[in-house]
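Asks: Supplied in structure tokens, the structure appears directly below.
The values are calculated or read from the model by the stated rules, or taken from the named source; none is laboratory data. All figures in this text were calculated on a predicted structure; none of them were measured in a lab. Note: ideal-geometry Cβ built from the backbone for every residue, glycine included; neighbour counts use all protein chains shown. Quick note on the areas: whole protein, heavy atoms, side chains included, nothing else; ligands and nucleic acids left out. Shrake-Rupley method; radii C 1.70, N 1.55, O 1.52, S 1.80 Å.
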Amino acid sequence: MRRLNIYTFMLFMLPAVLFSCTEKPAENTAEGVQKAKKEVVRETILTEEEISRSIEYSSTFEPFEEVHLAPASPGKIESIPVEIGDKVSKDQVLIKMDDTQLLQSKIQMNNLQTDFSRLDTLRKVGSIAQQQYDQMEAQYEVAQKNVKHLADNTTITAPFSGVISGKYFENGEMYSGSPIAAVGKAAIVSLIQINKLKAIVSISEKYFPNVKKGMEAKIKVDVYPDMEFSGKIYRIYPTINPQSRSFDVEVSIDNSKNLLRPGMFSRISIDLEETNALVLPAVAVLKMQGSNVRYLFVNENGKAKRIEVELGKRFDDKVEVISNELKIGDKVIVNGQARLLDGVEIEVVN
């Protein structure tokens, strides 16, 4: 009896099911499917602005000049009248070596000078052979050069004004001529120039035609976040590094106020040229989560079109955008774009 009732119910419902399948849904009525709501956005017209094309790289300050001073030959150190951190002037005495050898050489030179003067007198009256005179003259010239060499290496002076950055011996010690581990060279003292510094910057090879000697540079350091220092390119290396595809330039930095020091980290910006670029409010550009992909939306016939872009130079609340798909006059969405998907219909409000 139960099975018969089930069959009867199914036969009764079959016409109703068939009728409902053939009935069309109502359109544009309260009973129909409501149309998808348009996204409300604001837009701006993409324009071109003249900007200074610049590049920025990080670097570390180095002394403009640095020398490691020591005599040419080993010997006893008589005195080192400076300490680390001392400011010294050009030609100031930094090292005095034992002068025993210098004094002996001076005595030998004076003897040769006396002998040479006698021979010169005899040569004038024709009493000696020219060969004998030439030999004595050569010995006297060698003695003079030897005395000068020893004098230069007995009293060593500063080749420029600067600061003593290293002192590796004390008074009375023997200088052996071996390299000092700290500098990798033979030295008794090290001298650096810091009233002017330099930074070596490795620049991408694509900018090689644009970088010129004498170009101005702007320098920022973390120690003085609210200050900007000036510099200038004074040397451009002539070769490209085949591994990094870059070339080096040396930037000189004025440090007359002594605020900067060698070893400080810096960011160096160089303006290459004046050029026209597409500039937008920075809020118009979105970033894909979990990647570095940047994109924006433009209004294309009432629909949102997604375009990937690269970022160029920043100007306060604006940013340069780079894309082959963008052109002057495009309507770029600057408000409400975070809710958009590619192809979604939009409604623009003022």
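Asks: Give the residues of segment 193-220 that are open to solvent by 40 Å² or more (accessible area, probe 1.4 Å) and aliphatic (A, V, I, L, M), sorted by residue number.
Replies: Residue satisfying the conditions is Ile200 alone.
Asks: Next up: Checking Asn146 against (1) surrounded by 13 or more Cβ atoms within 10 Å (Cβ to Cβ); (2) of a type in the set (S, T, N, Q); (3) free of Cβ contacts under 8 Å to residues at least 12 places away in the same chain, only one condition comes out false. Which one?
Replies: Failed condition: (3).
Asks: Please determine, by comparing only the residues of segment 170-192 that are touching a strand residue (DSSP E or B) at 6+ places or on another chain (Cβ under 6 Å) and open to solvent by 30 Å² or more (accessible area, probe 1.4 Å), which one is farthest from Asn258 (Cα to Cα).
Replies: From segment 170-192, those touching a strand residue (DSSP E or B) at 6+ places or on another chain (Cβ under 6 Å) are 171, 173-175, 179, 183, 185, 187-192; that's our starting set.
Subsequent filtering for residues that are open to solvent by 30 Å² or more (accessible area, probe 1.4 Å) retains 171, 173-174, 179, 183, 185.
Values: Asn171: 30, Glu173: 34, Met174: 35, Pro179: 31, Val183: 24, Lys185: 27 Å.
In this case the residue turns out to be Met174.
Asks: Right, another one. Please go through segment 310-339 and give me each residue that is of a type in the set (A, V, I, L, M, F, W, C) and farther than 10 Å from Leu296 by Cβ, ordered by number. Lay out the reasoning, then the answer.
Replies: Looking only at segment 310-339, we keep the residues that are of a type in the set (A, V, I, L, M, F, W, C), and these are 311, 315, 319, 321-322, 326, 328, 332-334, 338.
Leu311, Phe315, Val319, Ile322, Ile328, Ala338, listed by residue number.
Asks: Determine, yes or no, whether Glu141 is part of a loop (DSSP other than H, G, I, E, B), over 25 Å from the mean Cα position of the chain (by Cα) and more than 30 Å from Asp248 (Cα to Cα).
Replies: Numbers: part of a loop (DSSP other than H, G, I, E, B): no; over 25 Å from the mean Cα position of the chain (by Cα): yes; more than 30 Å from Asp248 (Cα to Cα): yes.
No, not satisfied.
Asks: Just checking, how many residues over segment 245-260 are in a loop (DSSP other than H, G, I, E, B) and among the polar types (S, T, N, Q)? Give the steps one after another, and end with the answer.
Replies: Kept after step one, since they are in a loop (DSSP other than H, G, I, E, B), are these residues of segment 245-260: 245, 255-260.
From what is left, the residues that are among the polar types (S, T, N, Q) are 255-256, 258.
Residues that pass the stated criteria total 3.
Asks: A further question follows. Taking into account only those residues within segment 301-328 that are surrounded by 14 or more Cβ atoms within 10 Å (Cβ to Cβ) and not hydrophobic (A, V, I, L, M, F, W, C), which is farthest from the chain's Cα centre (by Cα)?
Replies: Lys303
Asks: State the number of residues belonging to segment 51-79 that are surrounded by fewer than 16 Cβ atoms within 10 Å (Cβ to Cβ), more than 30 Å from Met174 (Cβ to Cβ) and at pLDDT below 95.
Replies: Counting residues in segment 51-79 that are surrounded by fewer than 16 Cβ atoms within 10 Å (Cβ to Cβ), more than 30 Å from Met174 (Cβ to Cβ) and at pLDDT below 95 gives 4.
Asks: For segment 329-339, enumerate the residues that are touching a residue at least 60 places away in the same chain (Cβ under 8 Å) and surrounded by fewer than 19 Cβ atoms within 10 Å (Cβ to Cβ).
Replies: Gly329, Lys331, Val334, Asn335, Gly336, Arg339
Asks: Out of (1) surrounded by fewer than 16 Cβ atoms within 10 Å (Cβ to Cβ); (2) β-branched (Val, Ile, Thr); (3) within 21 Å of Lys185 (Cβ to Cβ), the odd one out for Val82 is which?
Replies: (1) is the only condition that Val82 fails.
Asks: Sticking with this structure for a sec: Given the conditions (1) of a type outside the set (A, V, I, L, M, F, W, C); (2) open to solvent by less than 70 Å² (accessible area, probe 1.4 Å); (3) modelled with pLDDT of 95 or more; (4) assigned to a strand (DSSP E or B), and given that Lys232 satisfies all but one, which numbered condition is not satisfied?
Replies: The failed condition is (2).
Asks: Name the single residue that is surrounded by the fewest Cβ atoms within 10 Å (Cβ to Cβ) among those in segment 261-297 being assigned to a strand (DSSP E or B) and free of Cβ contacts under 8 Å to residues at least 40 places away in the same chain. Working first, answer last.
Replies: Just the residues of segment 261-297 that are assigned to a strand (DSSP E or B), to begin with: 265-281, 286-287, 294-297.
Now drop any that are not free of Cβ contacts under 8 Å to residues at least 40 places away in the same chain, which leaves 287, 294-295.
Working: Lys287: 11, Arg294: 18, Tyr295: 16.
Out of the qualifying residues, it is Lys287.
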